[in-house]
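See structure below.
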Amino acid sequence: MKDKKLLFLTLYTFGLTGGIENVCKAFGKALTEFLREGKIKTYQLLSMYDKGGNEKYIEKALFKGFGGRRILFSIQAILASQSSDIIVLSHVHLLIYARIIKKIFPKKRIILYAHGIEIWRNLSAANTKFIQNEIEIWAVSAYTANRIQALHQIEASKIQVLNNCLDPFFEIPKTFEKPASLLKKYNLPTNSKFILTLSRLSSTEQYKGYDQVLAVLNELDEDVHYILAGKADEKEQNRLQNLVQQNELQQRVIFTGYVPDAELMAHYQLADVMVMPSKAEGFGISFIEAMACGTQVIGGNQDGSVDALRQGAIGTLVNPTDLNEIKSAIETCLAKPDTEIDKRQLQDNCLAHFCFSTYKQKVGQLLELNA
């Protein structure tokens with residue numbers, strides 16, 4: 001395998017923030033380390049929409065961003081595939097290139113990353129036939145694997161589950177005090193309890209479960225505050241603010257807006273519980289980020305959150321449509337002493353399964369680097 005060359009095709013890797021982009025960065029970093037360790041001969045990462053890269057993750061000379069110039073991207077992707085042994089696609093929208101490559105070079109090994117809603121939808125007949133017969137699929141959770149297997153009639157043997165991991169540069173806290181800077185920034189009382197949802201707030205993705213949390217907030221103790229963190233589009237921001245006003249929750253809900261990477265750890269540490277009872281999460285990287293900071297987590301029991309919470313072994317799974325169950329779970333978590341020992345144990349359990357080194361080892365096995 002040491003003489004193998006890999007090509008990684010993405011839509012975005014650095015130009016957007018989200019779960020898929022986090023996966024692209026982690027996979028790119030794994031390729032960089034495999035190259036430095038002599039386990040592969042070389043790799044290239046071509047991004048359709050990025051303008052620039054990040055040398056922490058990707059060797060500068062091996063990254064090319066096309067800034068939306070799709071024709072140039074298309075030409076370079078096909079040319080680069082000629083000298084590549086393995087081609088990995090970050091997104092189902094890149095299947096057109098895989099089909100062209102496979103037609104020209106039928107023996108190429110092609111792998112498609114499957115995340116969540118992007119591949120749970122109906123595909124064209126040509127794309128469906130192609131993924132059934134011509135490529136391998138890496139699904140980020142068992143839920144995603146099962147759903148695409150049923151929807152697209154794909155043999156189970158063609159799908160491997162590769163859970164997401166923490167960003168290789170995610171800051172892991174050594175202590176667990178609530179950050180005084182954020183208490184001051186959001187004008188929060190120090191003796192209150194805080195529940196957190198950290199996610200993109202999108203009017204087209206209303207499955208994260210924050211509506212359900214808002215629905216039960218008035219039934220929780222008055223000293224419980226809800227921190228809704230993440231960038232919101234204008235339509236969703238207006239909807240949520242109206243919902244907060246209708247339920248007279250203005251003094252108990254904090255909208256933080258976009259949270260930069262450098263402030264993620266502090267926001268997770270501010271929370272007593274991270275709550276996201278979603279119904280259509282492909283995996284849920286924010287769950288494992290929260291647990292890596294020692295923060296208890298509540299997630300939905302009907303989607304990829306089950307993988308992130310290790311089938312309930314390291315977090316609480318609830319029916320995302322059952323308000324009483326969500327309320328009870330929040331109250332139970334908030335009532336726990338949640339000592340430093342508890343936080344450390346949760347952190348250790350999370351890192352044992354979802355650290356970058358564990359992910360990298362699994363990627364190496366799937367790519368058969370030791371074969």
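With a sphere of radius 12 Å drawn around the Cβ of N301, what net charge do the other residues whose Cβ falls strictly inside it have (Lys, Arg +1; Asp, Glu -1)?
Details: positive: K279; negative: E281, D303, D307, D322, E325.
Cβ neighbours under 12 Å give a net charge of -4.
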What fraction of the DSSP beta bridges in segment 223-337 is antiparallel, stated in percent and rounded to the nearest 5?
-> 0
Total charge of the residues flanking D338 in space, meaning their Cβ is under 12 Å from its Cβ, with Lys and Arg +1 and Asp and Glu -1, is +2
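For the chain, what does the helix formula give at 222 nm: sum of -39500 (n - 2.57) over DSSP H segments with n ≥ 4, over the residue count, nearest 500 deg cm²/dmol?
Numbers: 15 runs with 150 residues, N = 371.
It lands at -12000 deg cm²/dmol.
Just list whichever of K64/K103; K39/K343; K51/K235; K178/K231; K56/K362; K102/K279 have alpha carbons separated by over 31 Å in the model shown. Present the calculation step by step, with values, prior to reporting the outcome.
Details: K64/K103 24 Å; K39/K343 37 Å; K51/K235 28 Å; K178/K231 23 Å; K56/K362 21 Å; K102/K279 35 Å.
From K64/K103; K39/K343; K51/K235; K178/K231; K56/K362; K102/K279, over 31 Å: K39/K343; K102/K279.
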According to the square roots a ≥ b ≥ c of the eigenvalues of the Cα gyration tensor, what is the shape class of segment 180-354, taking rounded for a/c under 1.5, prolate for a/b larger than b/c otherwise, and oblate for the remainder?
-> rounded
With 28 Å as the limit, write out which pairs from K25/K208; K174/K327; K4/K29 have Cα-Cα distances beyond it, or answer none.
-> K174/K327
Relative contact order (%) - criterion: Cα under 8 Å, at least six apart; region: the chain = 15
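What is the local net charge at E155, summed over the other residues whose Cβ is closer than 14 Å to its Cβ (Lys, Arg +1; Asp, Glu -1)? List each step's numbers first, then the result.
Details: positive: K129, K158; negative: E134, E136.
Residues near E155 contribute 0 overall.
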Once amide hydrogens are built 1.01 Å from N within the peptide plane, the residues lying 5 or more places from Q44 or on another chain with amide H under 5 Å from its amide H are L6, L7, F8
Karplus-derived HN-Hα couplings along segment 335-341 (A = 6.51, B = -1.76, C = 1.60, θ = phi - 60°), whole Hz, x at Gly and Pro = 7, 5, x, 6, 6, 4, 5
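We did not get these values from a lab; they are worked out from the coordinates using the rules stated. Predicted, not measured: the structure shown is a model, and the values here were computed from it. Glycine gets a Cβ as well: all are built from the backbone with ideal geometry, and neighbour counts include every protein chain shown.
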